[in-house]
Each structure stands twice: as structure tokens, then as C-alpha cells.
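The values are calculated or read from the model by the stated rules, or taken from the named source; none is laboratory data. Predicted model, so just to flag it, every value in this text is computed and none were measured. With ideal geometry, Cβ positions are generated from the backbone for all residues, glycine too; neighbour counts draw on all protein chains shown. Heavy atoms of the whole protein, side chains included, go into the accessibility calculation; ligands, DNA and RNA do not. Shrake-Rupley method; radii C 1.70, N 1.55, O 1.52, S 1.80 Å.
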Amino acid sequence: MQNYFLIGTMFLYFNGCSYTFGTDCVSERNLWEENRFSTLVSKHFNADHVNASVKASSNDEITRRTFEFLKDNTCDYAIIMMTHCTRFELSRRLMPGRSLGWLSEEEQNIYNYFYKNFYNDDVGSLNFYKNRYILEQEFKKRNIPLILLQYMPVSKNNVWREMCGDDLPIVVKGMMDRCDSLLGRRKNKEYFWSEKYNRTIDHFNSKGHKRIADYIIGQFSERYDESVF
Amino acid sequence: MNLYFNGCSYTTGFELDDCESDRFSTLVSNHFKADHFNNAVAGSSNDQIVLRSLEFLENDSCDYAIIMLTHCERMTLNKNIFTNRNPSFYEEYYNDEVGSLNFYKNRFILEQEFEKKNIPLLLLQYYDVLGDNIYRRKCKGKIQSVARPSHSISAVTTACSHWYSQKSTNEKTLVGTRMNRLYYYNRHSKKTLCHFNRYGHKRVADYIIGELTSTI
């Protein structure tokens, strides 16, 4: 097991899905790591960091990976962007979408069957807040400051939501959502335009990553004494 | 003293002739001359048992909680998922790891929550759940199993039969193998039940009384 903790250096832990991984966040040198928000935040504070995010992760996976990390490691601060509440980790890594592209027709039908027969908004909300709750509790118990963000709003109230802390900052909102969000509506031109593909894409671009990084840096400065960095 | 009980049909006393009087929650409470609340609901999954427990803890408290966790393959999504009613779910979306992760994640949450509130918690599990995962490693050791699966259960579904067929022989359980004559037979209906009978409830109650006596 790799020991991520470097004594004497501020160490940041990032986790999430493809948004945190930096998918489609290409730099001039075509390296997505350079411009993703985890790198920008770490550079700002001259800190070491690990970005443990994995593309297409569900919140089940993000939570489980975080617990696995915490078992043998620690960090000074953790930044986790929770993903779409519709994703599930069962024997398949389930996510909705009529045509996900990388699936065979048969596999796509299996995915669609799940969302048609076993899923509704309550299921997504319960699972989202259950994962959020155990993350918050674990970091609190370990006395590690945690900055949580959520990619999109999650409706529906439940006991898990009531047990969680205040509402989290939302990264993007859908067409019908009225809440504030860091990047505005999903797929807007400013933060979702790709020069490389010359069209709007599913993941926010490097400008979006800069906006997220600035928000996190602001949160650090607001919540914690910046002199510790 | 206030005791809190939660679980599925095994804790409700399902299939007992007089479930209110004969179920183990009543026997334990009578022994300690305690008040109790049996919050169990037949057909519950562990997801629901945890949710109900947390809902209870939001506005209430107790001196001791006794929770019997249920079959790990039961899950709650937009409905309760059972092996016999939803075979397609188990065929396409479920395997032993899914059940184990969900079981120990729920168990971990319960243990954390009761510890945080400083309420002693006695957990039992109907069957042992194998599998190594991060949530299991974070749970507090082994808990007592009530029964071990009978061989017939492995025919229920291939998705959750693997461990059942492998593990069932040597584990010490409170009522032995499921559906054995001593603890699962009902003399009035002359049938072997799916749920343990009044002697089974007495056996479970005696175990709980023993555990509570050493700590109260």
C-alpha cells in the first residue's frame, strides 16, 4: 500500500468521478492533469495531493474508495465532489442513459431495465445522502476537514438528508433547477465548450476547473487560517 | 429500563401462535421488567432496519438496543427486493459482493450511530455474511448468528447461493440449521415453519438476557 502521507508537506486528498478526474479538461500540451481543479488547488497552496477519482464512479464507489484510503492513510484536507445520485454500484456500475456508447445493445438494455424497474428519485436521494452522511461522519471522527461538493442538485427529503450538514455547493444545475450553482446551467457555452472538439461537451472545461479551484481555495481561506499553508 | 428492538419478521414474531407474548423481545423485557418498543417490520431489508433505527433515534432514546439484521440479499430500491419475487434483479445486478458490501455498510452505520449516542447495542445477524470489504473491516468484530442455512436455500437463487452452500456446516448458531424440527416446527399446524418457533424465540431471548446481564 502506498503511503501518501508526506511528513512536513500539506497533503490534500481529492476524490470523485470523471469531473474530478479531469475528463475533457485538456491543456495546450494535451495533459488533463495540468488543468484539473485538484492540481490548481494544490499548486496554489504548494501542497502535495492525490487525486483518487475514477471515471464513471458512483457515490457508492467514491465513498468506498475514500474509506479504503483512510484505512491506511491520512490527509490534512479532503475535497470530494459527489456525483450523480442516479449511479449505483451493484454487480454492474450502473448509470442512466439511453445510449451510453460503450455498451453493447444487450448490456444497454440491462442498464435501462434497472432504471425502469428498480429506480426512482427517492432511491437516488436516499443513496446519495446515506453516502454523504457516512463520509461526513468519518471525516468528523478523524478530525480531518472535508470540503464536499455535489455535481447536481438532489431533490427529495429523507432522514439521511436531515442528518447531513448544510446544503452543499452545487456545481451545475439542470434546466428546471432554481438553485445557485458554481458553473451555471449544465452544458453552457462558457464552461462546457471544447476547443478541441469544437462543440459543447459533457464535462466542464479547463475554465470550469479554474472556477471550481477558485471556489475551493476561497473555502479554505474562509474556513481555515491560510497561514497554516 | 427501556429496550429497543428492531429487525424483520424474525423479530416481529412472525408465524408464532401468540406473537406478542412469545416473541423474544417480550421475553427479554419480561425478564428485566423493562419497557420495550419492538420496531420490527416483516419483510424488512437491512436498509430499512437501519433507516427505521435512525428515525427512532432522531426523537427518542433507549437504554439498550437489540437489533437482528436480516438476509443480506434483501435490498430496498423503489420496492423491497426479494430473491423469490425479483429473480431478474439477482440475475443481472446482484452478486455476493453486493450483498456483503451493503450488509456491512449498514452494520457499520448502526454501530457508529449507537456509539455516538452512547447507547449500548446488541447486534445479531440471522445468517453469517462472508466477504472481505472495507466496511466489514470497520465493524466491531463478529456478531452472533441466529441460524445457518439449510441446503434447500441454495436452490433459491444462484446469485446468493455460493456462500450459503460453502459456509453452512461448522458455524455455531443459536437455533442451528434453518427449519430444523426443534426450533422451526409448529405443533398446532403440524408444519415446519420458515421462522423459528416459540422455543427458538426462547433460545434467542436467553442469549440476549445473558449478554445484557453481563453489561447492565
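Summary of values
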{"read-out": "Residues of region A:116-127 classified as closer than 12 Å to residue A:155 by Cα, facing chain B (nearest Cβ under 7 Å) and crowded, with 19+ Cβ neighbours inside 10 Å, total", "value": "1"}
{"read-out": "Residue tally, condition at pLDDT 95 or above and surrounded by 18 or more Cβ atoms within 10 Å (Cβ to Cβ), over region B:177-200", "value": "7"}
{"read-out": "One residue from A:44, A:49 being open to solvent by 50 Å² or more (accessible area, probe 1.4 Å) and assigned to a strand (DSSP E or B)", "value": "A:49"}
{"read-out": "Some residue of region A:101-115 being part of a loop (DSSP other than H, G, I, E, B), within 10 Å of chain B (Cβ to nearest Cβ) and either under 20 Å from residue B:79 (Cα atoms) or at pLDDT 95 or above (or both)", "value": "no"}
{"read-out": "Selection count where residues are assigned to a helix (DSSP H, G or I) and in contact with a helix residue (DSSP H, G or I) (Cβ under 6 Å, 6 or more places away or on another chain), scope region B:3-36", "value": "5"}
{"read-out": "Flag if residue A:23 is modelled with pLDDT under 95 and surrounded by 18 or more Cβ atoms within 10 Å (Cβ to Cβ)", "value": "yes"}
{"read-out": "Which numbered condition residue B:25 fails, given (1) farther than 20 Å from residue B:202 by Cβ; (2) crowded, with 24+ Cβ neighbours inside 10 Å; (3) polar (S, T, N, Q)", "value": "(1)"}
{"read-out": "Residue match in region A:165-186 (condition: charged (D, E, K, R) and within 26 Å of residue A:10 (Cα to Cα))", "value": "no"}
{"read-out": "Wholly within region A:126-229, helices (runs of 4 or more DSSP H) carrying at least 2 residues that are over 30 Å from residue B:139 (Cα atoms)", "value": "A:189-192, A:206-223"}
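To keep it simple, each residue is scored yes or no on (1) open to solvent by 50 Å² or more (accessible area, probe 1.4 Å); (2) more than 15 Å from residue A:89 (Cα to Cα); (3) away from chain A (no Cβ under 13 Å); (4) assigned to a loop (DSSP other than H, G, I, E, B).
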position	(1), (2), (3), (4)
B:73	no, no, no, yes
B:85	yes, yes, no, yes
B:89	no, no, no, no
B:94	no, no, no, yes
B:97	yes, no, no, no
B:102	no, no, no, no
B:119	no, yes, yes, yes
B:124	no, yes, yes, no
B:129	no, yes, yes, yes
